[in-house]
């Protein structure tokens, strides 16, 4: 009889403490494998497996690519590597970022749902934005069981709250209850009605970039551009959560796309400010040189410098939020 034998967990900000609390309640003979994605610094080593080993009766480690998935072990995504499921093995890959992250929760959840269907238990814990929301929806669509930490008690409620906006979770629980809940679900037989549905097309999106040349992602061009590479974004064609993917493989849920667009906009504004200040400085330098030479073109460069300085002041006010503090008559 088919059993729930794969638990996938995603977390971000506040995730170390949350994951430690969850695994501490899992027994040594857990009849399921546990796969974890935590957003981490891609340029620093991860000590999460060692932290989890100290708290848990289960072994925890970073897996090798193509390692067999076996019950009673905790596999943690390495820094700057996606953790995915392919049949009965894990894949560790430096594929394109999703939602601005590598590893990304959506990658793990989506590929687990495709390979394990209703045998998957997906768990979204504390974190910002909405990585994991689309992936948990995929877990549900493929017949799996969805667990979400109660946003009211999460250190960072963004990820749990956004997951609940997109998915009717089977359980919304406080952190202290999630470990015992997973221990009870692991190895439990699937209901007789749990017939594995066909995985939607987007569940099969390749982990590695490398779509055949000239073949775009499924869906229609969205009119937006990828904040990671500048290419066109295609919007997923189904009725599920809004999701976008570019030709090279970068993928975004809506909140993550908004956040990365805002970051790209701020970078562009700082670059524009720097260009204007350099332009004003150069015009002032030429103005002084021409004045010393007795040239009649001084006024021309004076006007250019003043124009650049005026526009720079406007941008500086936007970037520093001048005029938007509380108490000045505007909304903060």
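Bear in mind that the values in this text are calculations on the coordinates, not laboratory data. It should be emphasised that the depicted structure is a prediction, and the values quoted were computed from it without experimental measurement. Quick reminder, even Gly has a Cβ in these numbers, built from the backbone with ideal geometry, and neighbours come from all protein chains shown.
Before moving on, here are some points about what is shown:
- Degrees separating the helix 105-116 axis from the principal Cα axis of the chain, which is the longest one: 30 degrees
- For the residues 236, 141, 291, a GNM of the chain with alpha-carbon springs under 10 Å puts the largest fluctuation on 291.
- Values [x] 59, 46, 36; [y] 94, 48, 38; [z] 67, 46, 34 are given for comparison; Cα extents along the principal axes in Å, derived from the coordinates here, is the one labelled [y].
- Model label sites at residue 267 and residue 153, defined 7 Å from Cα along the beta-carbon direction, differ in position by 3.9 nm.
- Convex hull volume per residue, computed on the Cα atoms of region 72-202, equals 113 Å³.
- Reported to the nearest whole Å, the Cα centre-to-centre distance from region 31-49 to region 97-146 is 15.
- Using just its DSSP H runs of length 4 or more, each adding -39500 (n - 2.57), the chain gives a mean residue ellipticity at 222 nm of -12000 deg cm²/dmol after division by all residues.
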